[in-house]
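Student: Structure incoming, see below.
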Amino acid sequence: MPQQSPLDLAQGDPFGLHNLPYGIFSTADEPDRRRIGVRYGNHVLDVHTAGTALGSPHSDVLAHPTLNALMAAGRPTWQAVRAGIRTWLGYPAIEPFLHPLSDVTLHLPFEVADYVDFYASEHHATNVGRMFRPDSEPLTPNWKHLPIGYHGRAGTVVVSGTPVRRPHGQRKSPADTAPVFGPSRRLDIEAEVGFVVGTPTALGETVPQSAFRDHVFGVCLLNDWSARDIQAWEYVPLGPFLGKSFATSVSAWVTPLDALDEARTAPPQRDHELLPYLDDSALEPGGLDLRITVAINGHPVSEPPFSTMYWTAAQQLAHMTVNGASLRTGDLYASGTVSGPAVEQRGCLLELTWGGRDPLDLPDGKRTFLEDGDEVTLTAWAPGPDGVRIGLGEVTGRVAPAV
């Protein structure tokens, strides 16, 4: 039987021509040479080498070891490169430039400039508020008026597959008279979606929601690991610090924003009037119908729906820049924990176990928070054209013991 061509994908493959996510890869014979790749089925297209052979006018921005040069080139270039790749994949002569996914090593796809984490799920914020402030309103007075966020640590963003070391820090339970120092005992995950900025802005410039597509290159899955006990002791009054900054895992693949047009959906009904720069009532639907699955050691524990997020990525970008803060190529901002209204839709163990009160029953034992050796995997898909699915690159991390 003749070997099947890598160009012949199974019907409905989630990584077909309708998707084409970007990543950075190397091969065993050239381990130090990092190249831009595009995933097509279970293969990776060497975009620069193919583009050079086929005379692409964009070979210069495709010759770099990260996606940053391509991202900085702007939306017309993104669209032209994507259209060119779709054409190339119709040529049998492209086959020599396709590498089996199993034969390559994937790397962090872009150099992270700044990292911002938001808090955009009303269900998550309400659950956390009920746990931490049971005698007051679960949502703070500002929550329905602006997308709450904080600046995280860009230097600890790591690619999927990187082990995550259990962090040390101060912690203090209500029964303790003084804080103690040691490894976190309440290590958690947060299932999130990340947005990657391509086109930068000048200091003092603002970005309206209508310019969202001009600045955001693509989307990736993101796990913002959290040490809940360290965070609980440190976060008043300035917010998360050591409890969050030790690691944030992102997918090795960035899905182009244009691949998600069919997943556009209206956000939940807002029950407060929004200020003009956040009002999206006259704009294209800003929500995304992404279906996420969270698995621990291969066992699914949650399916958070991104379509329920109260604040959209366009609103977050507008708020992030409304004071004149500049964008840089490689800026990464995350949605915050994605949680839905049902118990099985909660995007972190803090919610799933209600602060440790209700342990999860897994095939390898009960869990309140993560144990050493646990592996967490986030996967997701979105509806695409003609009923096909758009696959998002998974993000995986295994907990390594504290040292």
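Student: Starting from the residue with the highest accessible area, list ASP32, ASP261 in decreasing order, probe 1.4 Å.
Tutor: Numbers: ASP32 145, ASP261 75 Å².
Result, largest first: ASP32, ASP261.
Student: For the charge dipole of the chain, defined by +1 on Lys and Arg C-beta atoms and -1 on Asp and Glu C-beta atoms about the Cα centroid, which residue among ALA334, ALA232, TRP311 has the Cα displaced farthest towards the positive pole?
Tutor: ALA232
Student: I would also like to ask the following. In whole Å, largest first, what are the principal axis extents of the Cα atoms in region 1-138?
Tutor: 67, 39, 31 Å, listed from the longest principal axis down.
Student: Relative to the first principal axis of the alpha-carbon coordinates of the chain, what is the inclination of helix 75-88, with its axis defined by its Cα atoms, in degrees from 0 to 90 and to the nearest 10?
Tutor: 50
Student: Using bins 5 angstrom wide from zero, how does P(r) for region 102-154 break down, in % of all Cα pairs?
Tutor: P(r) for region 102-154, in whole percents per bin: 4, 16, 18, 16, 12, 9, 9, 7, 5, 3, 1, 0.
Student: Can you give me the Rg/Rh ratio for region 243-294, using Cα atoms for both radii and the Kirkwood formula for Rh?
Tutor: Reported Rg/Rh, Kirkwood definition of Rh: 1.07.
Student: Longest span of the chain, sites excluded, free of GluC sites (Glu not before Pro) in DSSP loop with at most 14 other C-beta atoms within 10 Å? Before the final figure, lay out the partial values.
Tutor: Details: sites that count: GLU205, GLU273.
In the chain, the maximal stretch lacking such sites is 1-204.
Student: So what is the diffusion coefficient of region 341-403 in µm² per second by Stokes-Einstein at 37 °C and 0.692 mPa s, using a Kirkwood Rh over Cα pairs?
Tutor: 233
Student: What are the ³J(HN,Hα) values, in whole Hz, obtained from phi via the Karplus relation 6.51 cos²θ - 1.76 cosθ + 1.60 with θ = phi - 60°, for each residue of region 236-242 in sequence order, with x given for Gly and Pro?
Tutor: 8, x, 9, x, x, 9, 5
Student: Quick one: if the Förster radius is 25 Å, what FRET efficiency do ASP372 and ASP176 give, using the C-beta to C-beta distance and rounding to 0.05?
Tutor: Computed FRET efficiency for ASP372 and ASP176: 0.60.
Student: Gain in length, LEU7 to HIS299, computed as 0.36 nm per residue apart minus the alpha-carbon separation, to one decimal in nm?
Tutor: Values: separation 292, 0.36 × 292 = 105.12 nm, distance 3.22 nm.
Residue separation times 0.36 nm, minus the Cα-Cα distance, leaves 101.9 nm.
Student: Mind ranking 54-63, 290-299 by how tightly packed they are, going by the mean number of other C-beta atoms within 10 angstrom, highest first?
Tutor: On the way: 54-63: 16.0, 290-299: 18.6.
Highest-to-lowest ranking by the protection proxy: 290-299, 54-63.
Student: Counting residues in region 96-209 as N, plug N into 2.2 N^0.38 Å and put the Cα Rg over that result.
Tutor: Values: Rg = 19.8 Å, N = 114, 2.2 N^0.38 = 13.3 Å.
Here the Cα radius of gyration is 1.49 times the empirical estimate.
Student: To the nearest 10 Å², what's VAL47's accessible area with a 1.4 Å probe?
Tutor: Only protein atoms counted, so the area is about 0 Å².
Student: Between VAL322 and GLU344, what FRET efficiency comes out of the Förster formula 1/(1 + (r/R0)^6) with R0 = 30 Å and r the beta carbon distance, rounded to 0.05?
Tutor: Calculated value: 0.25.
Student: Here is a further query. Mind jotting down a quarter of the surface of the convex hull over the alpha carbons of region 275-325, in square nanometres, one decimal?
Tutor: 5.1
Student: Which percentage, to the nearest 5, of the DSSP beta bridges contained in the chain is antiparallel? Spell out each step's value before the answer.
Tutor: Working: 63 of 71 bridges.
Counting DSSP beta bridges with both partners in the chain, the antiparallel share is about 90 percent.
Student: Residues with beta-carbon under 15 Å from that of VAL47, excluding VAL47: net charge, scoring Lys, Arg +1 and Asp, Glu -1?
Tutor: Counting the neighbours of VAL47, the net charge comes to +3.
Student: Moving on to the next point. Given axes a ≥ b ≥ c from the Cα gyration tensor, I'd like to know whether region 215-279 is rounded (a/c under 1.5), prolate (a/b larger than b/c) or oblate.
Tutor: The shape class here is oblate.
Student: Report the relative contact order of the chain, percent, no decimals, based on alpha-carbon pairs under 8 angstrom and at least 6 residues apart.
Tutor: Value for the chain: 21 percent.
Student: Let me ask you something else. If you wrap a convex hull around the alpha carbons of region 63-143, what volume per residue comes out, as a whole number of Å³?
Tutor: Expressed per residue, the convex hull around the Cα atoms of region 63-143 is 203 Å³.
Student: Cα atoms only, the chain: Rg and Dmax in Å?
Tutor: 21.3, 73
Student: So how strong a dipole does region 1-130 carry about its Cα centre when Lys and Arg Cβ are +1 and Asp and Glu Cβ are -1, to the nearest 20 debye? Before the final figure, lay out each step's value.
Tutor: Details: 8 positive and 13 negative charges, 64 e Å.
Result for region 1-130 is approximately 300 debye, rounded to the nearest 20.
Student: Same structure again: Once both axes come from the Cα atoms, what is the angle between helix 122-132 and the longest principal axis of the chain, in degrees from 0 to 90, rounded to 10?
Tutor: 30
Student: List the lysines whose Cα lies under 19 Å from the Cα of LYS244, skipping any in the same chain that are fewer than 8 positions away.
Tutor: Qualifying lysines at Cα under 19 Å: LYS172.
Student: With N denoting the number of residues in region 198-357, provide Rg(C-alpha) divided by 2.2 N^0.38 Å, to two decimal places.
Tutor: Scaled against compact globular proteins, the figure is 1.12.
Student: Taking H placed 1.01 Å from N in the peptide plane, check which residues at least 5 places from LEU288 or on another chain put their amide H under 5 Å from its amide H.
Tutor: Sorted by chain and number, the residues that satisfy this are THR265.
Student: Helix-derived [θ] at 222 nm for the chain: sum -39500 (n - 2.57) over DSSP H runs of at least 4, divide by residue count, nearest 500?
Tutor: Helix contribution divided over all residues of the chain: -4000 deg cm²/dmol.
Student: Related question: Under a point-charge model restricted to the Cβ atoms of Lys and Arg (+1) and Asp and Glu (-1), what is the dipole moment magnitude of region 16-88 relative to its Cα centre, in debye to the nearest 20? Don't skip to the answer; put the middle values down first.
Tutor: Numbers: 7 positive and 5 negative charges, 64 e Å.
Dipole magnitude for region 16-88 comes out near 300 debye.
Student: Here's a follow-up. Determine, from the Cβ-Cβ distance of GLU284 and TYR235 and an R0 of 30 Å, the FRET efficiency 1/(1 + (r/R0)^6), rounded to the nearest 0.05.
Tutor: In this case the efficiency is close to 0.25.
Student: Label-point separation (nm) for THR27 and ALA53, each offset 7 Å from Cα along Cα-to-Cβ?
Tutor: Spacing of the two 7 Å Cα→Cβ label points: 1.0 nm.
The values are calculated or read from the model by the stated rules, or taken from the named source; none is laboratory data. In this text the structure is predicted, and so the values were computed from the model without any measurement. Don't worry about glycine lacking a Cβ; one is built from the backbone with ideal geometry, like all the others, and counts go over all protein chains shown. Surface areas here come from the heavy atoms of the whole protein model, side chains and all, with no ligands, DNA or RNA. Shrake-Rupley method; radii C 1.70, N 1.55, O 1.52, S 1.80 Å.
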